[in-house]
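The values are calculated or read from the model by the stated rules, or taken from the named source; none is laboratory data. Source: prediction; values computed, not measured. Quick reminder, even Gly has a Cβ in these numbers, built from the backbone with ideal geometry, and neighbours come from all protein chains shown.
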Amino acid sequence: MLLQYFYDNQLAQASYLVGCPGSGTAVVIDPSRNIAPYLEAAAENGFEIVYVTETHIHADFVSGIRELAHATDATMLLSGEGGADWSYQFPEGDKIQLVHEGDTFEIGAVKFEVLHTPGHTPESISFMVTDTDASEPMGVFTGDFLFVGDVGRPDLLEEAAGIMGTREVGAKQQFANVQRFQQLADYLQIWPGHGAGSACGKALGAIPSTTLGYEKRFNPAFNIDNEEDFVAWLLDGQPEAPKYFARMKHVNKVGSPLLRELPQAQHIKEQPGEDIVPSDALLIDTRPIEDFAAKHIPGTINIPISSSNFPTYVGWYVDYEKPLFFIAYRNDVMAVLRALYSIGIDNIPGYFTHEAISHHAKGRVEQQSPQEIYESGIKILDVRSSNEYHSEHIPGVIHIHMGKVGQHLDEIPDNEPLAIQCGGGLRSQVVASILQKQGFKNLINMSGGIDEWKKSKLPLEQN
């Protein structure tokens with residue numbers, strides 16, 4: 001058996017190729033939309049990808065299951081659990097096999113058993129793997145049920161999809177999953193669907209895999225014996241669900257369009273005037289915050305492609321019904337396109353490289369140190385998450401999460417200087433550019449954010 005691990009740092013998302021060298025066949029689990037790495041790995045090892053599968057209908061990225069299946073003629077193994085409301089609705093003609101609790105499939109000498117593990121979503125499944133040369137299973141692909149140090153959040157159906165009354169049900173299902181896994185062997189390896197930084201849980205570990213025995217010992221979920229206490233613990237302190245999650249649920253339920261069928265984004269060499277970029281379109285400047293702060297086209301939003309959370313940040317602000325254009329350095333264009341496609345932003349008529357905007361780039365974002373801002377006494381807008389804010393914050397700040405500033409503009413002073421603050425200075429720059437686009441003036445980005453504020457030993461409040 002060969003297992004190859006793939007990881008998308010910007011989405012904190014893991015996928016896997018499992019192959020049997022004896023039979024020359026392989027399965028890919030939870031593929032992303034960029035399928036090139038799986039095709040390359042299969043070719044390098046002489047594998048034919050015969051199955052493509054996923055653990056659930058994903059909310060945080062566009063699944064690559066259709067993309068990869070159509071490229072390889074593989075059969076898609078999709079969960080048949082969860083009931084009619086959570087049944088896949090892929091186009092007719094796709095090669096699909098529904099799987100349920102207790103079903104098995106094989107690639108050569110490697111056997112997979114389907115475990116229904118609802119809670120994160122109703123249809124969620126896990127895959128227990130056995131190398132049939134041995135008599136016992138070796139591990140489980142747990143998707144978004146079990147992570148390193150955490151379990152998948154059960155509230156996304158309410159937070160992202162607006163399906164009320166599901167969070168407590170999901171939390172109780174997660175408790176049942178944990179109790180079930182308590183009875184399994186400690187030596188089993190656990191291969192999760194996400195790592196640290198994902199919004200699918202609240203305290204995911206950064207290492208790529210774990211063992212069930214380790215999780216039983218150190219994961220809080222395995223150390224709460226009472227269902228009521230477990231539900232309260234699991235629902236408390238979950239991060240804000242990015243706005244685009246609702247779109248992903250729909251796209252992945254009905255099946256994402258194939259990339260080869262999309263219109264290609266064009267390199268536009270003219271200046272991005274209104275005759276090229278419609279007034280209702282989103283224009284993102286993906287250059288570093290320092291370059292944007294020094295000079296940019298007014299009305300653009302700065303979300304650097306270098307950010308480890310680039311797709312998530314874009315996902316807070318994109319309107320999927322309207323076109324998106326972007327500005328990038330030439331070497332970053334393909335990375336920007338891959339990241340946008342990864343969250344289903346397919347309406348990208350064109351992009352601009354930085355030299356095309358030089359004559360129109362008259363915007364500025366003032367940068368000041370925490371010490372300068374503290375001494376000036378100006379108002380501060382904290383745009384971090386609720387968990388970060390409640391952990392510690394600067395006294396007297398206005399707190400609005402970065403993804404929700406557009407819904408709370410009336411709470412933000414626009415007739416006086418305003419400093420914007422986050423953890424390190426990037427999210428605050430994103431918000432500064434958004435507020436500039438809304439007509440706010442006298443905005444200052446706090447360089448270094450609260451991290452630099454603490455280094456300067458300036459006052460903080462802790463809850």
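What the table below lists for this structure:
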{"read-out": "Condition met for SER391 (over 20 Å from TRP316 (Cβ atoms) and of a type in the set (Ser, Thr, Tyr))", "value": "yes"}
{"read-out": "Verdict on GLU228 being assigned by TED's automatic domain parsing to the domain that holds LEU184 and either in a helix (DSSP H, G or I) or free of Cβ contacts under 8 Å to residues at least 12 places away in the same chain (or both)", "value": "yes"}
{"read-out": "Number of positions in the stretch 62-75 that are under 23 Å from the mean Cα position of the chain (by Cα) and either within 19 Å of GLY24 (Cβ to Cβ) or not in a helix (DSSP H, G or I) (or both)", "value": "5"}
{"read-out": "Tally of residues being buried (at least 16 other Cβ atoms within 10 Å of the Cβ), among the hydrophobic types (A, V, I, L, M, F, W, C) and under 17 Å from PRO263 (Cα atoms) across the stretch 323-341", "value": "8"}
{"read-out": "Flag for ALA59 being of a type outside the set (Phe, Trp, Tyr), modelled with pLDDT under 95 and either buried (at least 21 other Cβ atoms within 10 Å of the Cβ) or in a strand (DSSP E or B) (or both)", "value": "yes"}
{"read-out": "Residues of the stretch 435-455 satisfying the condition of being assigned to a helix (DSSP H, G or I), surrounded by fewer than 19 Cβ atoms within 10 Å (Cβ to Cβ) and either more than 26 Å from the chain's Cα centre (by Cα) or hydrophobic (A, V, I, L, M, F, W, C) (or both)", "value": "GLU452, LYS454, LYS455"}
{"read-out": "Test: residue in the stretch 34-49 that is closer than 20 Å to LEU98 by Cα and in contact with a helix residue (DSSP H, G or I) (Cβ under 8 Å, 6 or more places away or on another chain)", "value": "yes"}
{"read-out": "Wholly enclosed strands (runs of 3 or more DSSP E) of the stretch 103-221 bearing at least 3 residues surrounded by 17 or more Cβ atoms within 10 Å (Cβ to Cβ)", "value": "110-116, 125-131, 139-143, 189-192"}
{"read-out": "Per-region count, the stretch 232-275, residues within 15 Å of PHE325 (Cα to Cα) and surrounded by 15 or more Cβ atoms within 10 Å (Cβ to Cβ)", "value": "4"}
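Yes/no matrix, rows are residues, columns are (1) under 17 Å from LEU11 (Cβ atoms); (2) in contact (Cβ under 8 Å) with a residue 24 or more places away in the chain; (3) of a type in the set (Val, Ile, Thr); (4) in a helix (DSSP H, G or I):
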residue: SER307; (1), (2), (3), (4): yes, yes, no, no
residue: THR312; (1), (2), (3), (4): yes, yes, yes, yes
residue: GLU321; (1), (2), (3), (4): no, no, no, no
residue: ILE327; (1), (2), (3), (4): no, yes, yes, no
residue: ALA335; (1), (2), (3), (4): yes, yes, no, yes
residue: GLN367; (1), (2), (3), (4): no, yes, no, no
residue: GLU375; (1), (2), (3), (4): no, no, no, yes
